[in-house]
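*Asks:* Below you'll find the structure I mean.
The values are calculated or read from the model by the stated rules, or taken from the named source; none is laboratory data. Since the structure is predicted, the reported quantities are computational estimates derived from the model, not experimental observations. Note: ideal-geometry Cβ built from the backbone for every residue, glycine included; neighbour counts use all protein chains shown.
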Amino acid sequence: MINIPKGTKDMLPGDAYKWHYVESRAREVAALFGFREMRTPMFEHTELFTRGVGETTDIVTKEMYTFLDKGGRSMTLRPEGTAGVARAFIENGLAQQPLPMKAYYLASVFRYERPQNGRLREHHQFGVELYGSSLPEADAEVIALAHTFLTSVGLTSLSLNINSIGCKECRKAYNAALKEYIGANLSDMCATCRDRFERNPLRILDCKEEKCRRITAGAPRITDFLCEDCKAHFAELRKLLEKQGIPFTVNPSIVRGLDYYTRTVFEFVSDAIGAQGTVCGGGRYDRLVEEVGGKPTPAVGFGLGLERLIMVLENTDAMHAQPERTDVYLVPLGDAAKENIASVVAGLRAAGVSAESDLMGRSFKAQMKYADKCGARYLAVIGDEELAKGVVSLKDMAGGASREVPLDDLARTVKQA
């Protein structure tokens with residue numbers, strides 16, 4: 001037998017309703033905020049991610065699925081959604097359209113990492129992107145969208161952590177202070193952190209190694225090095241969140257794992273999935289469009305893993321979506337009824353009523369049992385006599401009551417129930 005690749009997971013028919021639920025809520029909430037769907041390719045030129053995501057990130061150095069195509073070009077399965085949107089923004093001239101550009105995506109992403117609780121090598125993301133505004137109102141808009149979505153699907157045990165990691169100028173002074181602090185202990189840190197020390201010391205704060213986390217626990221805080229503009233931006237963001245009634249905690253340890261972030265970074269965290277508790281993460285990335293070949297364009301957004309979200313909903317008994325059910329299961333009784341059952345089913349479907357009938361050659365009794373097992377709302381029995389009279393025996397599977405209904409009124413009766 002050929003098994004599923006490690007770090008991937010099948011979505012089975014019995015679980016599809018959970019995905020439909022969160023995806024439909026994502027689309028609905030995005031529309032409430034004026035965001036429209038964007039779809040980008042599943043693979044892109046590798047350079048897009050090395051330049052956009054950052055050469056010192058774990059994603060680029062350890063986790064990307066990269067291959068040469070038949071033309072010898074280096075291609076990579078997208079490890080995140082934002083870089084592809086930035087490329088599409090530039091290539092399709094979206095900067096010439098009215099700004100801000102507000103887009104969302106529902107997409108699969110690929111990272112070669114150790115599978116964990118709610119973290120897979122292929123997983124699916126809901127993400128939003130807002131391009132063109134440098135104002136803190138744009139940051140608040142994106143955070144409010146995430147908050148609205150997460151609460152709309154039933155999550156209540158959530159914490160919002162926010163931070164500012166400043167701009168390019170702030171980062172110079174902070175990197176110098178961070179390197180001075182870490183330098184004395186650098187030999188005790190992991191190889192990745194030692195490599196990052198010269199190229200991008202801020203990334204050291206994102207290391208998950210326990211020995212490195214102990215060393216960086218007392219490191220200087222980036223918020224103490226913010227320039228006046230970044231301080232004002234962060235202060236206004238906090239004020240906007242307070243005005244919207246969105247509770248938050250300022251957490252100076254948040255830096256996020258991608259090099260393109262500037263100023264605002266944020267995470268929604270849940271304790272329902274253990275140590276890996278981030279449900280949604282995002283922030284501002286004002287240099288990204290320029291990094292991948294466009295004109296300087298401020299931007300802000302987030303990414304949210306759907307597998308992890310569904311796991312949190314299940315672990316907190318907040319998954320209120322109901323399995324999809326067939327409206328009517330029709331059972332023919334007699335030769336004439338069997339010959340006409342297909343046309344009855346087709347008529348119901350044409351009227352917008354989901355309907356099924358036997359495809360397995362089951363006995364009458366076995367069909368009755370199957371209708372119950374598959375969760376049909378109604379059971380409709382059509383015998384030859386009923387067919388001649390133009391009626392059907394309709395049974396409510398929840399209450400058990402049966403009644404005779406005119407065949408021509410069957411669709412309307414089911415819809416009104």
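*Asks:* Those residues that are farther than 19 Å from Ala31 by Cβ and of a type in the set (A, V, I, L, M, F, W, C), I need them from the range 100-139; list them, please.
*Replies:* Val109, Phe110, Leu120, Leu135
*Asks:* If you go through the range 164-182 one residue at a time, do you hit one that is in contact (Cβ under 8 Å) with a residue 24 or more places away in the chain, crowded, with 18+ Cβ neighbours inside 10 Å, in a strand (DSSP E or B) and not hydroxyl-bearing (Ser, Thr, Tyr)?
*Replies:* no
*Asks:* For the range 221-251: of the residues being under 25 Å from the mean Cα position of the chain (by Cα) and under 30 Å from Thr192 (Cα atoms), which is surrounded by the fewest Cβ atoms within 10 Å (Cβ to Cβ)?
*Replies:* So, considering only residues that are under 25 Å from the mean Cα position of the chain (by Cα) and under 30 Å from Thr192 (Cα atoms), the one surrounded by the fewest Cβ atoms within 10 Å (Cβ to Cβ) is Thr249.
*Asks:* Right, here's the next one. For the range 40-87, which positions are among the charged types (D, E, K, R), in a helix (DSSP H, G or I) and under 21 Å from Ala103 (Cα atoms)?
*Replies:* Arg87
*Asks:* Kindly check whether there is at least one residue in the range 322-341 that is buried (at least 17 other Cβ atoms within 10 Å of the Cβ) and part of a loop (DSSP other than H, G, I, E, B).
*Replies:* Within the range 322-341 (the criterion being buried (at least 17 other Cβ atoms within 10 Å of the Cβ) and part of a loop (DSSP other than H, G, I, E, B)), the answer is yes, since at least one residue qualifies.
*Asks:* In the range 348-406, what residues are assigned to a loop (DSSP other than H, G, I, E, B) and of a type in the set (A, V, I, L, M)?
*Replies:* Within the range 348-406, Ala351, Val353, Leu359, Met360, Ala376, Met397, Ala398, Ala401 qualify.
*Asks:* To continue, here is another question. Taking the range 355-376 as the region of interest, how many residues are surrounded by 16 or more Cβ atoms within 10 Å (Cβ to Cβ) and not hydrophobic (A, V, I, L, M, F, W, C)?
*Replies:* Of the residues in that region, 5 qualify.
*Asks:* Please indicate, with yes or no, whether at least one residue in the range 241-255 is more than 30 Å from Leu202 (Cα to Cα), in the same structural domain as Met101 (by TED's automatic domain parsing) and of a type in the set (D, E, K, R).
*Replies:* yes
*Asks:* If you check Val289, Val279, Val312, which single one turns out to be in a helix (DSSP H, G or I), in contact with a strand residue (DSSP E or B) (Cβ under 8 Å, 6 or more places away or on another chain), within 20 Å of Thr151 (Cα to Cα) and in contact (Cβ under 8 Å) with a residue 12 or more places away in the chain? Before the answer, list the steps.
*Replies:* Values: Val289 fails: within 20 Å of Thr151 (Cα to Cα); Val279 fails: in a helix (DSSP H, G or I).
Selected residue: Val312, the only one of Val289, Val279, Val312 that is in a helix (DSSP H, G or I), in contact with a strand residue (DSSP E or B) (Cβ under 8 Å, 6 or more places away or on another chain), within 20 Å of Thr151 (Cα to Cα) and in contact (Cβ under 8 Å) with a residue 12 or more places away in the chain.
*Asks:* Criterion first (outside any helix (DSSP H, G or I) and either surrounded by 22 or more Cβ atoms within 10 Å (Cβ to Cβ) or in the same structural domain as Thr297 (by TED's automatic domain parsing) (or both)) does Leu155 satisfy it?
*Replies:* yes
*Asks:* From (1) surrounded by fewer than 22 Cβ atoms within 10 Å (Cβ to Cβ); (2) within 30 Å of Ser363 (Cβ to Cβ), pick out the condition that doesn't hold for Thr278.
*Replies:* Unmet for Thr278, out of (1) surrounded by fewer than 22 Cβ atoms within 10 Å (Cβ to Cβ); (2) within 30 Å of Ser363 (Cβ to Cβ): (2).
*Asks:* Criterion first (outside any helix (DSSP H, G or I) and in contact (Cβ under 8 Å) with a residue 40 or more places away in the chain) does Lys18 satisfy it?
*Replies:* No.
*Asks:* So which residues in the range 221-268 are in a helix (DSSP H, G or I), charged (D, E, K, R) and farther than 14 Å from Cys170 by Cα, if there are any at all?
*Replies:* If the condition is that a residue be in a helix (DSSP H, G or I), charged (D, E, K, R) and farther than 14 Å from Cys170 by Cα, then Glu236, Arg238, Lys239, Glu242, Lys243 are the ones that fit.
*Asks:* If you don't mind, there's one more thing I want to ask. Failed condition for Thr264, given (1) in the same structural domain as Met64 (by TED's automatic domain parsing); (2) out of contact with any Pro (no Cβ under 9 Å at 6 or more places or on another chain); (3) crowded, with 17+ Cβ neighbours inside 10 Å, with all others met?
*Replies:* Here Thr264 meets the rest and fails (2).
*Asks:* How many residues does the range 95-136 contain that are assigned to a helix (DSSP H, G or I) and surrounded by 15 or more Cβ atoms within 10 Å (Cβ to Cβ)?
*Replies:* Total meeting the criteria: 2.
*Asks:* Here's a follow-up. Of all residues in the range 390-402, count the ones that are loosely packed, with under 11 Cβ neighbours inside 10 Å and under 18 Å from Asp372 (Cα atoms).
*Replies:* First pass over the range 390-402, keeping only residues loosely packed, with under 11 Cβ neighbours inside 10 Å: 390, 398-401.
Retained after the next criterion (residues that are under 18 Å from Asp372 (Cα atoms)): 398-401.
The total comes to 4.
*Asks:* While we're here: Would you point out which residue out of Gly34, Gly7, Gly14, Gly52 is in contact with a Pro (Cβ under 6 Å, 6 or more places away or on another chain) and either farther than 28 Å from Tyr131 by Cβ or assigned by TED's automatic domain parsing to the domain that holds Ser74 (or both)? If you could, list the steps in order and put the result at the bottom.
*Replies:* Working: Gly34 fails: in contact with a Pro (Cβ under 6 Å, 6 or more places away or on another chain); Gly14 fails: in contact with a Pro (Cβ under 6 Å, 6 or more places away or on another chain); Gly52 fails: in contact with a Pro (Cβ under 6 Å, 6 or more places away or on another chain).
None of the others qualify; the one that does is Gly7.
*Asks:* Can you name the residue in the range 292-303 that is in contact (Cβ under 8 Å) with a residue 60 or more places away in the chain and over 15 Å from the mean Cα position of the chain (by Cα) and is also surrounded by the fewest Cβ atoms within 10 Å (Cβ to Cβ) among such residues?
*Replies:* So, considering only residues that are in contact (Cβ under 8 Å) with a residue 60 or more places away in the chain and over 15 Å from the mean Cα position of the chain (by Cα), the one surrounded by the fewest Cβ atoms within 10 Å (Cβ to Cβ) is Lys295.
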